[in-house]
Amino acid sequence: LIFEEPQHGAEYAVAIDTAGGLNKPNEDRCCISVSKHGHGTEPDIQVAVFSSIRVNSAQASRIGAAIAVLYGTDGKGGITSANPLVVKFIIEQIRKRGDECQSQLKIMGFLDHHIMLRIDKKGNVMQDSGHQEGWYTRDYSRSYLLERFVDAVNTGWLVMNDPIGIRQLATFVRKMVGGEGKWEMIQMAGQHDDA
């Protein structure tokens, strides 16, 4: 789904959450979401999304590449994006499915991938201190990501347009887990939060 046509000079990020692609009715979806960066003066806007229970990690790389060409070039080899590397990719890496997608995109020449930084290190966080590409979902990084996401949606700094993602927001809750007063944001039982 395209919510906003590509704009010359805009900067885009393509987030990919890969899945098994087995076409089962209750499985996680492969979700490829494109956002236009507002640079802190305007909200970030979700401009396009691709979502499927039939697409696996290797297939997601080809679809992600096509979306990057659409949003970052004129289709004839000229770059129209503010990013000289076309778009920045952010690929979820927790279960290793994202590795294949990220590897294939690099082989195709898409080299701008999010570098994971530890924000809880002692001292200042240095932008060149990261060594892993992609988004590695762990306990600390999941809560950091989701807290920022909820804040951005609630304050209007991220404009969501994906109807599946918007429906999933309705079943996304904060609940206490364990007996130590630890809170977690997660989808309700039987629901998904992949979009």
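The values are calculated or read from the model by the stated rules, or taken from the named source; none is laboratory data. Owing to the predicted nature of the structure, the values given are computational and were not obtained by experimental measurement. For neighbour counting, all protein chains shown are included, and Cβ atoms are generated from backbone atoms with ideal geometry for every residue, glycine included. Side chains are part of the model used for accessible areas, which takes the heavy atoms of the whole protein and leaves out ligands, DNA and RNA. Shrake-Rupley method; radii C 1.70, N 1.55, O 1.52, S 1.80 Å.
Numbers at a glance
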quantity	calculated
Residues within segment 84-113 that are modelled with pLDDT of 80 or more and either in contact with a Cys (Cβ under 7 Å, 6 or more places away or on another chain) or surrounded by 18 or more Cβ atoms within 10 Å (Cβ to Cβ) (or both), tallied	14
Any hit, segment 117-139, residues being modelled with pLDDT under 90, open to solvent by 30 Å² or more (accessible area, probe 1.4 Å) and under 24 Å from GLU5 (Cα atoms)	no
Subset of segment 32-48 [of a type in the set (Ser, Thr, Tyr) and surrounded by fewer than 15 Cβ atoms within 10 Å (Cβ to Cβ)]	THR41
Residues satisfying the stated conditions in segment 5-35, i.e. assigned to a loop (DSSP other than H, G, I, E, B), within 15 Å of PHE50 (Cβ to Cβ) and either small (Gly, Ala, Ser) or touching a strand residue (DSSP E or B) at 6+ places or on another chain (Cβ under 7 Å) (or both)	THR18, ALA19, GLY21, ARG29
Segment 49-83 - residue that is charged (D, E, K, R) and either in contact with a strand residue (DSSP E or B) (Cβ under 9 Å, 6 or more places away or on another chain) or at pLDDT 95 or above (or both) and, of those, surrounded by the fewest Cβ atoms within 10 Å (Cβ to Cβ)	ASP74
In segment 164-184, the residues that are more than 16 Å from the chain's Cα centre (by Cα) and in a helix (DSSP H, G or I)	ARG167
Total residues in segment 12-31, condition open to solvent by less than 60 Å² (accessible area, probe 1.4 Å) and either in contact with a Leu (Cβ under 9 Å, 6 or more places away or on another chain) or on the phi < 0 side of the Ramachandran plot (or both)	12
